[in-house]
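What follows is a set of notes on a single structure, which appears directly below.
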Amino acid sequence: MGIGSSRAIGEKFTPAPILVFLVILSSFASGCAAAENESQIGQTGQPEQKASVVSAPSALPGSRPMITDEIEPYSGDQRTLVVYFSQGEATRWVAEDLMWIFGADIEAIDEKRERKTNFINFMLSGFQSTFKIPSRIEKPMFDPADYDKIFVLSPVWSWSLSPPVRAWLKTNKGKLPKAAFIAVSGDTKPDKVVAAMAKVSGATPLASAGFAERHFLPENRASYLELLRSVVDPMR
């Protein structure tokens, strides 16, 4: 099992005309803001943490149970890869749980340029997601063609597939083995994002799921585990 981060490739970003950008800002500004607001999770006696750009949820206070104490680890000999992008905690949380269950290699997608958490970059992130513009990302460390199964996880930005995951899937189109696609959001249904992942990658997922803010609350631990099992069991 190994933990890797990406290093050196990307899709070139061609900016849209400024006028078009300004016109469409108002059409999804409220939606992006809502996604950010809904992505804050708090517990009694602990301050709420601000969500990252347009991904949600990001604040996961409290201790994390060891997932292999609750879900039986995979015991086969097939190689598994987990690939994800996360600026907060939630998507990474699910990715790491999958890593422990499958004894998988794990790779966090890195963008070539750091995404700042200011208003302009917040709106630009939503613009890129809505208009299907992939990020420029670092070259992946792991080749999915070397694996028997893969989990790909993306936060939902402006109700759409995140640009970094779009770039990774586009780079590896036609190379994915047996796959499961996972979306993480404030409350967005995963169907649209999973369909976009399938289209960009050229792969039909064997399993898919959408994790929402409520699944990460301590009192909803049972629903989190049930949803996680829904993608784990078909991939064993």
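State whether the range 169-236 is rounded, prolate or oblate according to the following rule on the C-alpha gyration tensor (a ≥ b ≥ c being the square roots of its eigenvalues): a/c under 1.5 gives rounded; otherwise a/b larger than b/c gives prolate, and the remaining case gives oblate. Oblate is the answer for the range 169-236, as a/c is 1.5 or above yet b/c matches or exceeds a/b. By definition, a body whose alpha carbon gyration tensor gives a ≥ b ≥ c is oblate when a/c is 1.5 or more and a/b is not larger than b/c, and the range 62-157 fits this oblate description.
Given the C-alpha centroids of the range 136-187 and the range 85-108, what is the distance between them in whole angstrom? After rounding, the separation between the Cα centres reads 12 Å.
Take each peptide in 155-164, 98-107, count the other Cβ atoms within 10 Å of every residue, and average; sorted highest first, the result is 155-164, 98-107.
Remark: the Thr204-Gln78 segment gains 43.4 nm on full extension, using 0.36 nm per residue and subtracting the alpha carbon distance.
Throughout, read-outs are computed from the coordinates displayed, never taken from laboratory work. Everything numeric here is computed off the predicted structure, so don't read it as measured data. Counting neighbours? That spans all protein chains shown, and the Cβs are built from the backbone with ideal geometry, glycine included.
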